[in-house]
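Take a look at this one; I'll ask things after.
The values are calculated or read from the model by the stated rules, or taken from the named source; none is laboratory data. These numbers were taken from a predicted model, which means no experiment stands behind them. Using ideal geometry, Cβ is built from the backbone for each residue, glycine included, and neighbour counts are taken over all protein chains shown. The protein model used for the area step is the full one, side chains on, heavy atoms only, and it has no ligands, DNA or RNA in it. Shrake-Rupley method; radii C 1.70, N 1.55, O 1.52, S 1.80 Å.
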Amino acid sequence: MISWLAPSNTTLAAEIEQLNTTALPSGWQWVDSSPYAKVAVNADRKLFYKAFLPRNIWETPKAWLRGSRCQRAITQAKILPKQGFNTPAVIAWGKLSGGREFMLTEAVNGIGVGSCIASYFRSPCNRAALYWKRELLRAMGKLVAQLHTAGIVHGDLRPNNVLVELGKQPYTFHLIDNERNQSYTHIPYKLIVKNLVQIGMLAAIDLSRTDRMRFYQSYLQHYSRFDQSAASHLSLEVYQTTMHRLSTKNPDRLGSPNLPRAHVDNGLIYPLS
């Protein structure tokens, strides 16, 4: 059964039925995802399909208490824009057999921040690229600060769950994978650390220590919760935790360095001078 959050579409309904049986309709492509989701994109029609796969036997009982992952994602797609944040609009959703659900959203004309940095800012080769890498990091720091100021903790704030819109400066971001987001009147300290570690999961080849400090300074500028001593303690804890977790990671698994060079040549990553 399909529930439409936009005008119903007979063609899309037929394609959704195919995707729900893991068939691939014409114009759609499967994309990499976690083991607990099945994701496809139709680039021409700017659509994303995501099926939520059960993670364990407790998935259904937990859904009775707090709503399913799909239902929570739909709720966040309504909440985030009201708080001033961008996220893909939901077009349709539905329940499937075996405790599965699916969601169809509009695709964003953007790329994951992690892959953006790995592809275009890994070793800035000119002054313009270096300048715009710094602008991207400052904008990211401001975004995370704005989330925390609004009392929002993102459930999985890895760099590629933040999309940067192509061809827009100042940089504009869209949040995805929002089903585990939580809202607080006063965010617990450990969850602030968690988000800051998540967003920093890019290897030293992509983010130097100075890059990390530039992000962090922007974050603190826009989130004034911490005094100087507390900010220093937070900075050290986040850095040490991030470096420990990165020690076992392959840099190219954190951010794909293979995005098309044409994005830069066409001025979609930063203005060409």
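For the chain, just the Cα set please: Rg and Dmax, both in angstrom.
19.3, 59
Which residue, Ala203, Ser183, Val238, has the largest displacement toward the positive end of the dipole of the range 164-273 when charges sit on each Cβ (Lys, Arg +1; Asp, Glu -1)?
Value computed over the given set: Val238.
Just the Cα atoms of the range 161-273, one point each, no solvent: what log10 I(q)/I(0) does Debye give at q = 0.16, 0.19, 0.22 Å⁻¹?
For the range 161-273, the Cα-only Debye profile gives -0.96, -1.26, -1.44.
Within the range 91-176, list the GluC sites (Glu not before Pro) lying in a DSSP loop whose Cβ has at most 14 other Cβ atoms in a 10 Å radius.
none
Would you please name the chymotrypsin sites (Phe, Trp or Tyr not before Pro) within the range 175-273 that are DSSP coil residues with at most 15 other C-beta atoms within 10 Å of their C-beta?
Of the chymotrypsin sites (Phe, Trp or Tyr not before Pro), the ones in loops of the range 175-273 whose Cβ has at most 15 other Cβ atoms within 10 Å are Tyr184.
Same structure again: Cα-Cα over 20 Å: which of Lys142/Lys168; Lys142/Lys194; Lys46/Lys95?
Long pairs (Cα-Cα over 20 Å): Lys46/Lys95.
Could you look at the range 229-270 and say what percent of its accessible area is carbon and sulfur, using a 1.4 Å probe and all protein chains?
Heavy-atom surface of the range 229-270 belonging to carbon and sulfur, 1.4 Å probe: 49 percent.
Helix-only estimate, please: 222 nm mean residue ellipticity of the chain, summing -39500 (n - 2.57) across DSSP H runs of length 4 or more and dividing by its residues, to the nearest 500.
Details: 10 runs with 116 residues, N = 273.
Mean residue ellipticity, 222 nm, calculated: -13000 deg cm²/dmol.
Provide the FRET efficiency to the nearest 0.05 for the Ser247-Ala43 pair, computing r from the beta carbons and using R0 = 45 Å.
Between Ser247 and Ala43 the formula returns 0.80.
Rg to Rh for the range 97-146: what is it, with Cα atoms only and Rh by Kirkwood? Present the calculation step by step, with values, prior to reporting the outcome.
On the way: Rg = 16.5 Å, Rh = 13.5 Å.
Using only Cα positions, Rg/Rh for the range 97-146 is 1.22.
Provide the three semi-axes, in whole Å and in decreasing order, of the ellipsoid equivalent to the range 130-180 as defined by the square roots of 5 times the Cα gyration tensor eigenvalues.
In descending order the semi-axes read 20, 13, 9 Å.
Can you pull out the trypsin sites (Lys or Arg not before Pro) in the range 187-240 that DSSP calls coil and that have at most 15 other Cβ atoms within 10 Å?
Within the range 187-240, the qualifying trypsin sites (Lys or Arg not before Pro) (loop, at most 15 other Cβ atoms within 10 Å) are Arg225.
Further, regarding this structure: For a bin width of 10 Å, list the pair-distance distribution of the range 100-203 built from all Cα-Cα distances, rounded to whole %.
14, 45, 31, 10, 1
For the range 67-216, what % of the accessible area comes from carbon and sulfur atoms, probe 1.4 Å? Write out the running numbers ahead of the final one.
Values: 3150 of 6120 Å².
Carbon and sulfur: 52 percent of the exposed surface of the range 67-216.
Roughly how many debye, to the nearest 20, is the charge dipole of the range 123-273 about its Cα centre, given +1 on each Lys and Arg Cβ, -1 on each Asp and Glu Cβ, and no other charges?
240 debye
If one takes the longest principal axis of the Cα atoms in the chain, at what angle in degrees, from 0 to 90 and to the nearest 10, does the Cα axis of helix 228-246 lie?
Compared with the principal axis, the helix lies near 60 degrees.
Helix 189-199 sits at what angle to the longest principal axis of the chain, using alpha carbons and giving 0 to 90 degrees rounded to 10?
Result, in degrees: 80.
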